[in-house]
Protein chains: 2
Amino acid sequence: MGGLTETATHEGHVGAVDLEPRPVADVTTVLQALGDPMRLAIIGSLDRSDGARPCGAFDLPVTKATLSHHFRVLREAGIIQQRCEGTRRMTTLRRAELDAVYPGLLDSILRAPRS
Amino acid sequence: MGGLTETATHEGHVGAVDLEPRPVADVTTVLQALGDPMRLAIIGSLDRSDGARPCGAFDLPVTKATLSHHFRVLREAGIIQQRCEGTRRMTTLRRAELDAVYPGLLDSILRAPRS
DNA sequence: CCCATCGTTTGACATCCATCGAACTATTCT
DNA sequence: AGAATAGTTCGATGGATGTCAAACGATGGG
């Protein structure tokens with residue numbers, strides 16, 4: 001049923017393993033990763049809600065396979081981070097790491113006029 | 001403003017026809033245009049020398065045809081501007097227009113660690 | 001007038017990329 | 001255990017994209 005608001009308070013549950021947190025990639029890779037409408041929508045959605053979100057929480061007109069591909073691109077560029085939590089993959093924006101390597105880049109992109 | 005808004009370097013030079021100055025494109029297009037090593041090198045080179053430069057002045061390991069292609073992509077994204085001057089095409093970075101639409105974007109990219 | 005210079009356009013080619021459906025894995029719920 | 005849920009991985013496919021060589025157009029110098 002609609003049992004949300006789970007917050008994973010079940011102890012003894014050790015499934016929360018961090019998924020390969022890669023270093024932030026070079027500029028071209030990051031720009032290429034962000035130069036896609038779907039991925040930019042993902043990033044914008046992540047930015048507006050400052051918590052970890054499962055993949056299914058992004059309302060995008062693509063299949064799960066395609067969504068998984070985009071998450072991989074963003075993850076390998078070091079832009080996002082994913083953490084397994086039960087059957088979900090909680091995604092967070094690696095804002096601090098991004099800001100450290102490319103100061104102002106993410107801000108200027110997120111502040112860009114959404115079309 | 002930066003005070004860089006000069007529209008007429010040499011007055012009355014007949015052949016100096018402006019080449020379709022397009023408006024700055026949407027974020028994805030701009031990011032995609034900048035998300036390429038060659039084009040990023042072009043932009044960086046343009047940034048370091050704050051004058052108009054002919055296409056041949058960019059020392060890049062590609063043929064003229066490929067270079068022309070990259071210039072077109074940048075031009076159509078509204079990032080650069082080209083002006084015919086005799087047989088040369090003087091290229092300038094449209095910094096003011098870019099900054100107006102996406103404040104801080106170009107700066108953060110140009111300030112990024114060059115690899 | 002001829003020709004060298006500068007850059008574009010075209011056609012071709014290989015590669016990458018976004019997308020999908022289907023099969024698979026892992027976890028949770030009944 | 002069995003079913004349901006959440007994502008991944010694996011081809012496959014159609015569409016961009018970066019690259020080149022060759023042909024072309026415009027401009028300026030002998």
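The values are calculated or read from the model by the stated rules, or taken from the named source; none is laboratory data. Given the structure is predicted, the values throughout are model-derived calculations rather than measurements. A quick note on method: Cβ atoms are made from the backbone with ideal geometry, for glycine too, and the neighbour counts reach across all protein chains shown. When the accessible area is computed, the model is the full protein with side chains, heavy atoms only, and any ligands, DNA or RNA have been set aside. Shrake-Rupley method; radii C 1.70, N 1.55, O 1.52, S 1.80 Å.
Quick look at the numbers
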read-out: Top-ranked residue of the range A:44-59 - restricted to ones that are closer than 18 Å to A:Ile109 by Cβ and surrounded by fewer than 20 Cβ atoms within 10 Å (Cβ to Cβ), ranked as nearest to DNA strand D (Cβ to nearest atom); value: A:Phe58
read-out: Test set (1) farther than 25 Å from A:Val30 by Cβ; (2) part of a loop (DSSP other than H, G, I, E, B); (3) of a type in the set (Gly, Ala, Ser) - B:Gly78 fails condition number; value: (1)
read-out: Meets criteria (within 11 Å of DNA strand C (Cβ to nearest atom) and in contact (Cβ under 8 Å) with a residue 24 or more places away in the chain) for A:Glu97; value: no
read-out: Test: residue in the range B:17-40 that is surrounded by fewer than 17 Cβ atoms within 10 Å (Cβ to Cβ), among the small types (Gly, Ala, Ser) and within 13 Å of DNA strand D (Cβ to nearest atom); value: no
read-out: Residue among B:Gly44, B:Gly56 that alone is of a type in the set (Gly, Ala, Ser) and at pLDDT below 95; value: B:Gly56
read-out: Test: residue in the range B:62-72 that is more than 26 Å from A:Ala112 (Cα to Cα), hydroxyl-bearing (Ser, Thr, Tyr) and either in a loop (DSSP other than H, G, I, E, B) or within 9 Å of another protein chain (Cβ to nearest Cβ) (or both); value: yes
read-out: Of all residues making up the range A:26-60, the number that are more than 10 Å from every other protein chain (Cβ to nearest Cβ), in a loop (DSSP other than H, G, I, E, B) and not aromatic (Phe, Trp, Tyr); value: 7
read-out: In the range A:69-87, the residues that are open to solvent by 40 Å² or more (accessible area, probe 1.4 Å) and in contact with a strand residue (DSSP E or B) (Cβ under 9 Å, 6 or more places away or on another chain); value: A:Gln81, A:Arg83
read-out: Residues within the range B:97-115 that are at the interface with chain A (Cβ under 9 Å from one of its Cβ atoms) and open to solvent by 30 Å² or more (accessible area, probe 1.4 Å), tallied; value: 8
